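Chemist: Structure in structure tokens, see below.
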Amino acid sequence: MRLASSGSVAVLVLLVVCSGCLAAPDATGEPVTSGEPATAPDSVNGTLEVHFIAVGQSSSALVVTPAGETVLIDSGDWRDDGELVIDYLERQGIERIDHLVTSHADADHIGGHAAVIEHFETAGEGVGAVYDPGITSTSATYERYLDAVEEYDVALFRTRVGAQLPIEGVDVAVLGPPQEPLANVDRNENSLVLRIAHGNTSVLFPGDAGVVEEEYLLSTYGDDLRSTVLLAGHHGSRSSTGEDLLDAVQPRVTVISSAYSSQYGHPHREVLERLATRSIPTYWTGVHGDVVLRSDGRTVTLLSQQSATTVATALRDEPAVEPGSSDPVAVREQFVADSGETAVPITPADGTSTPVAGQLSLVEVHADAAGNDNENLNDEYLVFENTGDSTLDLGGWVLEDAAGHRYTFPTVTLAPGEQVTVYTGSGTDGDGELYWGADGAIWNNGGDTVLVTTDDGTVVVEEEYT
């Protein structure tokens, strides 16, 4: 059977040889190879939006980062030829796709790829790059996708564990597939698995990962898979979103993308029961329509087109929403994501990511200065300690209170067991002493929240005191 046209073969070669070249092309058009982490936010300011688009028996999600970059993960079914997705993107005012992600090569996930690329390259501001796990397909849909990549000269990168996606404004972890394919190179079991995080909010996108890839994820990352929102694997198939995965991820919300009258019976009863048993609110595009998540890094707001139950086992009692409906979304629920959901850097078994070294702990809060707080600012201070077993580099990290006052740590390192005191007032930074330089008291005597984020936006300390 013919794999692809001669033009597509060239693209396939690029896909293979550029494994690991995950920065955007430079001015010469050549991929940039870098061992440095991808660009990430300096703080949790701004809003992350994730749009789970109702595309029937398929999947497509639009991510808009706080920095304004756009990520399209999958593009719906081949029978729609991108129409549902393009219409939705136009309604959102999207003029460019900075990053087009292929979870895997099945036609119900890449069905609109060719049309999306052509649309934004001819009528918009283009497509920045395409990321693909590199497990090929012999389908005509896959061939059209590769032909479009070549025709419009879009950078295409094979993307597996250890890759760094240069997506500005969020922290992106590539959790799967591993470099060596799973399950005899089965496309579903080698889905590109992403977790996208902003502050305490994280969303896990598992593609069509089934039993084998879920076992890989669990054995490699374990409880570090914890995420605020989970897109159910394989459209709610019983072969995905297993008991152990749910227990590791502990999602506050799950979203299922499948048709109301799925020819495969998605979502399967077993999955709905797993979700209901754990009291996980569940949104199904078949009955809720488009589902939108908005997060400022702490507070998560869920919106959908139709108001319907989120009790998983009661979803089938709700009326359907037709894919492509232009009805507006409305707020359905809101909650605060706790610090336990923070997407800390993950170290897979092959050690291809770089975790934060050490462990920063808040060991003392002295909020009530003697006399008038505003006149004795250096008697208001916080003491931090490296309670880990390796050195911490705090340079560029950000300290905040609940009101959003921000202090950026200068270049300073803490060896294991070392402490540093951050005084609110002015002074000369020295050994173990740092000065905020604020013109008034920061820490409320009656209680406040101490938040420290790394220079890539990862929350490492979030503690309330009273």
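The values are calculated or read from the model by the stated rules, or taken from the named source; none is laboratory data. Treat the numbers as computed from the prediction; the structure is a model and nothing was measured. Positions of Cβ are backbone-derived with ideal geometry, glycine not excepted, and every protein chain shown enters the neighbour counts. These accessible areas exclude ligands, DNA and RNA; they are computed on the full protein's heavy atoms, side chains included. Shrake-Rupley method; radii C 1.70, N 1.55, O 1.52, S 1.80 Å.
Chemist: Per residue of the range 252-267, in order, report the coupling 6.51 cos²θ - 1.76 cosθ + 1.60 (Karplus, θ = phi - 60°) as ³J(HN,Hα) in whole Hz, putting x for Gly and Pro.
Modeler: Karplus-based 3J(HN,Hα) across the range 252-267 equals 7, 8, 10, 10, 10, 10, 6, 6, 4, 10, 5, 5, 9, x, 6, x Hz.
Chemist: On to the next question. What do you get when you divide the Cα radius of gyration of the chain by 2.2 N^0.38 Å, with N the number of residues?
Modeler: Normalised by 2.2 N^0.38 Å, the Cα Rg of the chain equals 1.03.
Chemist: Next question, about the same structure. Please label the shape of the range 176-266 as rounded, prolate or oblate, based on the square roots a ≥ b ≥ c of the eigenvalues of the alpha-carbon gyration tensor (a/c under 1.5 means rounded; beyond that, a/b larger than b/c means prolate, else oblate).
Modeler: Oblate shape, in that a/c is at least 1.5 and b/c is the bigger or equal ratio.
Chemist: Gap in Å between the Cα centre of the range 71-117 and the Cα centre of the range 146-225?
Modeler: Measuring centre to centre over Cα atoms gives 17 Å.
Chemist: Of all accessible surface on the range 141-300 at a 1.4 Å probe, what whole percent is carbon and sulfur?
Modeler: Here it works out to 41 percent.
Chemist: By accessible area of protein heavy atoms, probe 1.4 Å, what ranking do ARG332, ARG91, ARG226 get, highest first?
Modeler: ARG91, ARG332, ARG226
Chemist: Kindly rank 414-420, 152-158 from highest to lowest mean number of other beta carbons found within 10 Å of each residue.
Modeler: Descending packing order for the listed peptides: 152-158, 414-420.
Chemist: While we're on this one: Counting heavy atoms of the protein chains only and a 1.4 Å probe, report the per residue accessible area for the chain as a whole number of Å².
Modeler: That works out to 39 Å² per residue.
Chemist: Here's something else I'd like to know. Pull out the extension gain between ALA183 and THR413, defined as 0.36 nm times the separation in residues minus the alpha carbon to alpha carbon distance; nm, one decimal.
Modeler: Full extension from ALA183 to THR413 adds 78.3 nm.
Chemist: Quick check: net charge around ASP379, other residues with Cβ under 12 Å of its Cβ, Lys/Arg +1 and Asp/Glu -1?
Modeler: Its environment carries a net charge of -4.
Chemist: Quick check on the chain: of the DSSP beta bridges with both residues there, what percent are antiparallel, nearest 5%?
Modeler: 75 percent
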